[in-house]
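J.: Dumping the structure here so I can ask a few things about it.
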Amino acid sequence: MPHCAVDGDSTLLYYEDSGVPSGSTDYVTVFLVHGTMFSSAIFRPMMPYAAHHNLRLVLINCRDYPGSTLYSESELGSLSSTDPAIQSSALQARGLEFAEFIRRFIETQRIPPIIASRSGGGGGRRSGGFTLLGWSSGNCQTIPLLSYADLVPEATRKLLDAYFRSFVMYDISLPATGEAPVPGVWVPFRDDTLSPAEKFSQFSEWVSYYFTPTGFDASQDIDSPGIKEALGARIALHTDKKLRSSQRTPTVHRIGPEKIREVCHVEVMARSQKYYQVIDPAVYREIVRRAILQGSADGGMIWPNLKVALVWCDMTNSDVVSAAMKLKALVRQSRAKGEGRDVAFHKLERANHFAHWDEPERFTSLLAEVI
């Protein structure tokens with residue numbers, strides 16, 4: 001089992017590696033970070049398509065997931081704290097762990113750095129380097145790497161200058177943005193009639209539903225007439241006889257009971273992942289603000305040439321759609337003032353929250369274009 005140390009030799013992150021594309025010396029390495037309950041095994045269907053796009057995929061298991069180091073009692077205490085300052089420090093630690101993972105991977109695997117094309121001008125194609133992608137609530141742990149880049153050791157920051165090509169927020173969860181939910185949108189975690197066990201069990205199915213397409217995009221104002229009502233009125237396709245089809249059943253139904261045990265880990269949700277859902281929204285809002293607008297405590301942008309993108313799927317749940325819309329508004333406002341990072345928004349049509357599992361070839365192809 002491959003591991004990478006992120007804190008001396010005592011804290012390890014498990015990973016799976018698609019390997020170097022045959023004969024390539026300028027491939028792009030993509031570090032994929034999973035979301036709530038579903039480990040990095042959920043990305044495995046993408047691996048056969050990586051080499052075709054000159055990609056090397058590295059699937060990382062977050063702390064507490066199979067193969068990675070469990071949280072200590074002290075770390076669990078920080079995650080479960082009601083003190084925003086302590087919560088913020090806990091999230092900073094996760095971002096710094098990923099920075100250390102990437103540093104060690106670069107040095108041990110000798111991946112190619114960013115290589116600029118010789119075509120001239122500013123629009124030339126780049127190869128090599130790495131991309132960091134957070135899926136769903138995985139963004140709770142990846143975004144802090146940008147937000148607190150000034151806390152990354154200087155030697156690591158300088159090393160990453162030559163490698164860090166792009167950062168992708170894929171179907172970002174609403175809690176990761178710190179934004180308020182849209183009234184009328186049902187989510188298991190917000191249903192107080194459910195027990196914790198019921199919330200956990202219903203979440204894994206609900207999050208993989210196919211919902212009716214939105215019919216709008218992230219550039220529209222969520223406060224425009226009818227938008228919030230439309231988000232609240234979306235239905236799961238498998239529940240409507242007129243819309244039901246074998247291709248639109250929840251993803252977990254098609255994963256199957258044997259493989260679901262490999263990719264879905266309710267025990268981690270009960271032990272530690274639940275705390276990421278209840279961290280003070282203001283903490284997450286500040287983390288997103290720093291990542292997009294600032295990047296360091298003194299306001300100086302670290303990795304200013306980093307390409308940042310948000311990918312969202314139009315048949316995913318309404319929380320994710322509203323998260324994309326609210327982040328688009330934040331970016332639009334900051335760019336109008338000439339501030340912050342430019343963020344590219346990409347809508348993947350006819351796809352739910354598990355596009356990487358249901359349509360791995362299509363999603364891998366999109367990813368290669370986005371990064």
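Where a number appears in this text, it was derived from the coordinates with a stated rule and is not lab data. Note that the structure is predicted; figures quoted are calculated from it, not measured. Please note: Cβ atoms are built from the backbone with ideal geometry, for glycine as well, and neighbour counts cover all protein chains shown.
J.: What helices does the chain hold that run 18 Å or longer along their axis, going by alpha-carbon atoms, with a Kyte-Doolittle average of -0.5 or more, using DSSP H for the helix calls?
T.: Correct list, ordered by number: 84-109, 318-336.
J.: So, one more: Hey, what did the stretch 127-274 get for relative contact order, percent, Cα under 8 Å, at least 6 apart?
T.: 20
J.: Could you work out how much longer the chain between ASP192 and ASP223 gets when fully extended? Use 0.36 nm per residue separation minus the Cα distance between them, nm to one decimal.
T.: Taking ASP192 through ASP223 to full extension adds about 8.5 nm, to one decimal.
J.: On to the next question. Given the DSSP H assignment, sum -39500 (n - 2.57) over each helix run of at least 4 residues in the chain and divide by its residue total; what's the result at 222 nm in deg cm²/dmol, nearest 500?
T.: When only DSSP H runs of four or more count, the value is -10500 deg cm²/dmol.
J.: Could I ask something else about it? Can you give the Kirkwood hydrodynamic radius of the chain from its Cα pairs, in Å with one decimal?
T.: 20.9
J.: To continue, here is another question. Would you mind listing how long the stretch 45-186 runs along its three principal axes, going by Cα atoms, in whole Å with the largest first?
T.: 52, 40, 32
J.: Restricting to Cα atoms and excluding each atom paired with itself, what does the Kirkwood estimate give for the stretch 178-311 in Å?
T.: Taking every pair of different Cα atoms in the stretch 178-311, averaging 1/r and inverting gives 18.2 Å.
J.: Please find the FRET efficiency linking GLN333 to THR108, where r is the Cβ-Cβ separation and R0 is fixed at 30 Å, and quote it to the nearest 0.05.
T.: 0.10
J.: With a 10 Å cut-off between alpha carbons and a GNM built on the chain, which of PHE167, PHE354, PHE189 moves the most?
T.: Sorting by GNM fluctuation, first place goes to PHE189.
J.: Before anything else, pin down the relative contact order of the chain: Cα pairs under 8 Å, at least 6 apart, normalised by residue count, whole percent.
T.: In percent, rounded to a whole number, it is 21.
J.: Can I ask one more? Taking the Cα-to-Cβ direction at ASP150 and at ASP240 and moving 7 Å from each Cα, how far apart do the two end points lie in nm?
T.: Taking the two extended label points, one gets 4.9 nm.
J.: Would you look at the GNM of the chain, springs on alpha carbons closer than 10 Å, and say which of TYR284, TYR65, TYR49 moves the most?
T.: Answer for the Gaussian network model of the chain: TYR49.
J.: Moving to a separate point now. Enter the Cα centre distance for the pair the stretch 308-371 and the stretch 228-243, rounded to the nearest angstrom.
T.: After rounding, the separation between the Cα centres reads 21 Å.
J.: Largest first and in whole Å, what are the equivalent-ellipsoid semi-axes of the stretch 1-97 based on the Cα gyration tensor, each being the root of 5 times an eigenvalue?
T.: Listed largest to smallest, the semi-axes of the stretch 1-97 are 30, 13, 12 Å.
J.: Hey, another quick one. Return the single residue from ARG350, ARG335, ARG125 with maximal mean-square fluctuation; model: Gaussian network over the chain, springs between Cα atoms under 10 Å.
T.: The residue with the greatest mean-square fluctuation here is ARG125.
J.: What Kirkwood radius, in Å to one decimal, follows from the Cα pairs of the stretch 135-217?
T.: It is 15.9 Å.
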